[in-house]
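Working notes for the structure below.
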Amino acid sequence: MIRRLFREIGRAPVRILTSVMALALAIGAIGVLAIPAVSTNSLRDAAEADGIPQVIVPIDDSKTFDVAGIVGSVDNVDRAEAEVLTFVEIDGRTTDVLGVDFGNQEIDIVHADVGRLPAAAGEVLVTDGLAQIGDRFEIPLPGGEASSATMSAEVVGVGGTAFWSEDDVVFTSLESAAAIAGVDGANRIVVGTTDLSADALSDTSRDLRAALTEAGITTTSLPFTVPDGHHPIEEAIDQISMLVGMLGIVAGLVALVLLASTVNTLITERTREVAVMRALGAPNRQMRRRLRRLALSIAAAAVVLGLPLGIAISNFIARMILTEFVGITPGFAVSIPVMVGSALFALLGARIVAARAARRVTARPLAEALRDRNGSPFGRRLSERLTARVRVGALLDRTAVRNGVHQRARSFAMFAQITAAVAALLIVASLATTITDYNAAEIEPVQWGSRTFVPGPGLDIDASIADSDPRSEVGIDIAGELEGWETDLVGFAPDTLMIDRTMDAGRWFAAPGEVALSTGFAERIDVEIGDEIDVELASGSHRYTVVGLHPDSGRSVFIDTSELAADMNRPGMGNVVMSLDEESPAYMTGLLSVERLTDISEDDSGRDAILMIFTAIGAIVVAVAGLAVASGLAVGVYERRHEFAAMRAVGGRRRHIFRVVVAELLPLGTLGIGAGLVAGWFGGAAIMESFEASNAVEIGYTFATGAIPAAVGAVVIGSLLLGGLMVRRVTRQPVAVTLRGAA
Amino acid sequence: MSPDPYRVAPPEPHASPDVPRLTPLVQAHDLTRRWGRGSSAQLGVDRVDLNIGSGELASIVGPSGSGKSTLGALIAGIDNPTSGSLVVDGTRIDSLSNDRLARWRGRTVGIVFQDFHLLPTLSAEENVELAVQLADRSVHRRERRERSRDALASVGLADKRRRLPTQLSGGEQQRVAIARALVTRPRLIVADEPTGSLDQASGHVVFELLAGLTATGTTVLFITHDPELARRADRQIEMLDGRIATHTAAGIDMSPLVAAGTIDEQVAR
Ligand SMILES: Nc1ncnc2c1ncn2[C@@H]1O[C@H](COP(=O)(O)OP(=O)(O)OP(=O)(O)O)[C@@H](O)[C@H]1O
Ligand SMILES: [Mg+2]
């Protein structure tokens, strides 16, 4: 087989190598489908190595670090550890501080990549990029306004855990963190369980809350569960994976068309050669076997080249996803199913296509096959005779159109490739416009200029603090659960100025027990105005009546702050100060974390990361499709070189031949653009729809009409350039030299 | 049309039967076509000197591989000589660029190939029309169609003009090719074994058609393996190993004279 391949390569090096490269690229493109597997594998490895927690329970000060004594007897709890979470300001940036029991950790194990774990008081370990080993900083300690006590911290290591890999974190001992947070015990319990399933965890988290309440410890927000030992970001990655999968399917289709057309051409090209051998007495069966073997050996060579390419593509993009979204630099991973699948795809596909083509080639009557140079002559099929009847348009255009009909398989392949490329371009572009619009929609109702938080997970701000300031308001922002969805419960005053209260339907809450709901979320969970909803809070289940639907684009329940505080057993309190100004109000002192609207609206990093990934995948699809079109065109022009030479013999110039080539390509391009726009529209809409379904929010869909001229331009300019290049190649030789090879 | 810098002689009026026959239409001097270099070089045409007069019927014969097709291709302007000079119809075509040469071909020469080379996707009529269009864009569509029909009628194919090449016999295809060659009213027609793929009867028809064109002053150069046909030409050129072996015009062997370059054909006559 190898020897035969080499012999073939020796005979027509460029054509064979192009086929191999095209197939290899097709196989490589299927590697896109391996991206999700590759990235989740890396994530799971990281999660397992670090002992990812299954349940995380934010609590008020436990006054003790012995949390195992409190929750150790709860069903399904295997191990429990105390943590202290707070924040400090380093170089003007709000940075999380996590206190853990170094050396005794089994959950969320902190490791040092450089340096060592903290051992003495005041020693800290930081996440990469935050500070250098040996750096020192002064951390202010709480103790009232007059206090000037600080803790002097020294960086002894750089590292972290998979769970915290997205954030900037300072890791230190439980005691140091407790001192910084001003608590006497833990304010967070992490739990490892025996049964990791989502259902079991949901029960466990309820039992944990009960156990804590019994011990007199308040849970300030719903426990956070991490089912199945997966990294929490995996869910987000899954959504991206679905998108990747969509584009992977486009890439697969492109690859399929490329495979079929490459193998077909490879075999049809040998019609005459096969006919000669048949004439010399070679049996048809033997010829068919030879042709199939040829196709298989080329496919095998392509697999050898294509698999590493696919592995490289999937790892490259998986790495992009993980470093952008998770901050983990993944190891090298290989998806065996995708590898085996793409190899089978190439070999089986080549075999099936080759078998069909070989049957066709050997079934041709010998005399006819010997006479014809390139496959069947024009005019045999009814479709060809019909198009020949159409006598409108310039003669050169007529030959172009008729040739397109004649070579219908190749025309279809080129059309399909252009369609795929345009669709991929538009899906990526529509993703960009949709995310941009969604981001804008997300902050559109917002009226506040800043939100100020204090350390600690509870409702620790006295609501009366803002009473005399008309430009600020104490509110609440906590997590709850509604119909199985994690939901934001947002407390406002009934007459708040901090959010635009224009409703999609109904009205803003006014009386006790009334709430407003995000429109998109309400639709997804089938809730209407007047319905009662049961919201699960850390303090238990609470029933409210929906009186209005708000154009908020998240999953939010809007409720009166004082009512929510009471329902949380902290009447008169809140956890956030909203202000119409960019700065937090002057009455807020001490350690603060300030979120500014301008920072949010200017932050495009999330969108840019998604776009970068999809641009990379889109580029692969476009490259494969472009190559496929180029190779189809090259074969088409090469096959017709004698025809073009004959045209030149009767006075045709290069531009006439260019005209014919372009006239054949442009209708395909036009149809491809049209179909690509439709496919791109529906593809993008389907992606957004499934995004909406899996998030229960309204995202909307903005089709990137702005990208249409770019797509059209790319197709037109690409066609002209390719056409020019090919025509240049076939017209380089004198007419007589080209025609000599014709007979 | 812009003045053609390659034109070395003033354009002649289209030859008519009463114009003296031997005004040289083709003047080749030291014409050589070689492929490759050094020891592996292949010689197609080797230092050929040749004049062919206007309105002549000239034949080229010779064994296979002797360079007949190569010489024909050079004179028809579909191949470029390696060295030497070639003037056809007053234009030096040995150094024309590709596109100029194509334009020149469209105006000046009609080519008939052994295997027809009709465009398979165009009907007989469209094939002929295309030649008119490529040669001269200024011809109006209506006139183009009329001329094509006339040309097809003159080769006896008026009723088959709508057929595609695949729907025509070999002889009919060759007649379409002749119609395509003559529809532009070229000064010169080069036919390389035009009867080679045809049976004797069709071959005969084709030959008569070509020979008849000289009556309108067209020069016809045809390459053949048929000594019978060759003998009917005004001028017979026999090739061997890329060189002209014998050259007979009006029964006189001219090859020593022409090869020596000592005498002009007018004088010889
Ligand atoms: N493109 C080419 N490359 C190399 N050699 C060539 C090329 N074209 C022609 N030759 C060589 O030039 C010589 C003359 O070829 P040509 O086709 O002119 O012969 P011919 O007299 O027409 O033969 P036939 O009667 O068989 O048609 C031959 O030896 C041929 O091998
Ligand atoms: Mg020949």
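One table, with the values for the structure above:
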item	result
Among residues of the stretch B:81-102, those that are within 13 Å of chain A (Cβ to nearest Cβ) and open to solvent by 50 Å² or more (accessible area, probe 1.4 Å), counted	5
Matching residues, the stretch A:183-209, being without any contact (Cβ under 8 Å) to a residue 60 or more places away in the chain and small (Gly, Ala, Ser)	A:Ser197, A:Ala198, A:Ser202
One residue from A:Gly310, A:Gly245 being more than 30 Å from A:Thr362 (Cβ to Cβ), open to solvent by 10 Å² or more (accessible area, probe 1.4 Å) and small (Gly, Ala, Ser)	A:Gly245
Any hit, the stretch A:710-732, residues being within 16 Å of ligand 1 (Cβ to nearest atom) and either among the charged types (D, E, K, R) or open to solvent by 20 Å² or more (accessible area, probe 1.4 Å) (or both)	yes
Residue list for the stretch B:103-117, restricted to those being away from ligand 2 (no atom under 16 Å from the Cβ) and surrounded by fewer than 24 Cβ atoms within 10 Å (Cβ to Cβ)	B:Arg103, B:Trp104, B:Arg107, B:Thr108
Inter-residue pairs, beta-carbon under 7 Å, first within 13 Å of chain A (Cβ to nearest Cβ) and in the stretch B:61-72, second within 6 Å of ligand 1 (Cβ to nearest atom), 6+ apart	B:Gly67/B:Gly44; B:Lys68/B:Gly62; B:Thr70/B:Gly44
Which numbered condition B:Gly77 fails, given (1) under 23 Å from A:Val650 (Cα atoms); (2) more than 14 Å from ligand 1 (Cβ to nearest atom); (3) assigned to a strand (DSSP E or B)	(3)
Residue identified as of a type in the set (Val, Ile, Thr), closer than 30 Å to A:Ser694 by Cα and open to solvent by 10 Å² or more (accessible area, probe 1.4 Å) among A:Ile465, A:Ile443, A:Ile476	A:Ile443
Breaking point among (1) open to solvent by 10 Å² or more (accessible area, probe 1.4 Å); (2) touching a helix residue (DSSP H, G or I) at 6+ places or on another chain (Cβ under 7 Å), for B:Gly65	(2)
Test: residue in the stretch A:275-297 that is on the phi < 0 side of the Ramachandran plot, under 36 Å from the mean Cα position of the chain (by Cα), open to solvent by less than 30 Å² (accessible area, probe 1.4 Å) and of a type outside the set (Lys, Arg)	yes
Helices (runs of 4 or more DSSP H) wholly inside the stretch B:104-222 containing at least 2 residues that are away from chain A (no Cβ under 14 Å)	B:141-154, B:170-182, B:200-213
Within the stretch A:385-425, tally of residues that are within 8 Å of chain B (Cβ to nearest Cβ) and in a helix (DSSP H, G or I)	9
Test: residue in the stretch B:59-66 that is within 16 Å of ligand 1 (Cβ to nearest atom), β-branched (Val, Ile, Thr) and in a loop (DSSP other than H, G, I, E, B)	no
Residues of the stretch B:149-166 satisfying the condition of being farther than 18 Å from A:Val390 by Cα and open to solvent by less than 60 Å² (accessible area, probe 1.4 Å)	B:Ala151, B:Leu152, B:Ala153, B:Val155, B:Gly156, B:Leu157, B:Ala158
All helices (runs of 4 or more DSSP H) inside the stretch A:1-97 with 2 or more residues being at pLDDT below 80	A:2-11, A:13-30
Residue match in the stretch A:633-648 (condition: away from chain B (no Cβ under 14 Å), at pLDDT 90 or above and surrounded by fewer than 19 Cβ atoms within 10 Å (Cβ to Cβ))	no
Answer residue from the stretch B:29-44, given it is aliphatic (A, V, I, L, M) and either at pLDDT below 95 or open to solvent by 40 Å² or more (accessible area, probe 1.4 Å) (or both) and is nearest to ligand 2 (Cβ to nearest atom) among those	B:Leu43
Considering residues of the stretch B:171-226 that are open to solvent by 20 Å² or more (accessible area, probe 1.4 Å), within 14 Å of the chain's Cα centre (by Cα) and within 16 Å of ligand 1 (Cβ to nearest atom) only, the residue modelled with the highest pLDDT	B:Asp192
Close pairs (9 angstrom Cβ cut-off, 6 or more residues apart or separate chains): at positive phi in the stretch B:28-45, among the acidic types (Asp, Glu) anywhere	B:Asp30/B:Asp49
Selection count, the stretch A:321-342, where residues are closer than 17 Å to A:Leu611 by Cα and over 19 Å from the mean Cα position of the chain (by Cα)	0
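Matching residues to (1) among the basic types (Lys, Arg); (2) more than 29 Å from the chain's Cα centre (by Cα); (3) not assigned by TED's automatic domain parsing to the domain that holds A:Gly310:
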| residue | (1), (2), (3) |
| --- | --- |
| A:Thr615 | no, no, yes |
| A:Val622 | no, no, yes |
| A:Ala628 | no, no, yes |
| A:Ser631 | no, yes, yes |
| A:His642 | no, yes, yes |
| A:Gly651 | no, yes, yes |
| A:Arg655 | yes, yes, yes |
| A:Val660 | no, yes, yes |
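Each row is one residue, and each column tells you yes or no for (1) open to solvent by less than 50 Å² (accessible area, probe 1.4 Å); (2) modelled with pLDDT of 85 or more; (3) closer than 18 Å to A:Asp96 by Cβ; (4) of a type outside the set (S, T, N, Q).
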{"site": "A:Ala119", "(1), (2), (3), (4)": "no, yes, no, yes"}
{"site": "A:Thr127", "(1), (2), (3), (4)": "yes, yes, yes, no"}
{"site": "A:Gly134", "(1), (2), (3), (4)": "yes, yes, no, yes"}
{"site": "A:Pro142", "(1), (2), (3), (4)": "no, no, yes, yes"}
{"site": "A:Arg188", "(1), (2), (3), (4)": "yes, yes, yes, yes"}
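The values are calculated or read from the model by the stated rules, or taken from the named source; none is laboratory data. Note that the coordinates shown come from a computational prediction; the quantities given were computed from them, not determined experimentally. Every residue, glycine among them, receives a Cβ derived from its backbone with ideal geometry; neighbour counts consider all protein chains shown. Side chains are part of the model used for accessible areas, which takes the heavy atoms of the whole protein and leaves out ligands, DNA and RNA. Shrake-Rupley method; radii C 1.70, N 1.55, O 1.52, S 1.80 Å.
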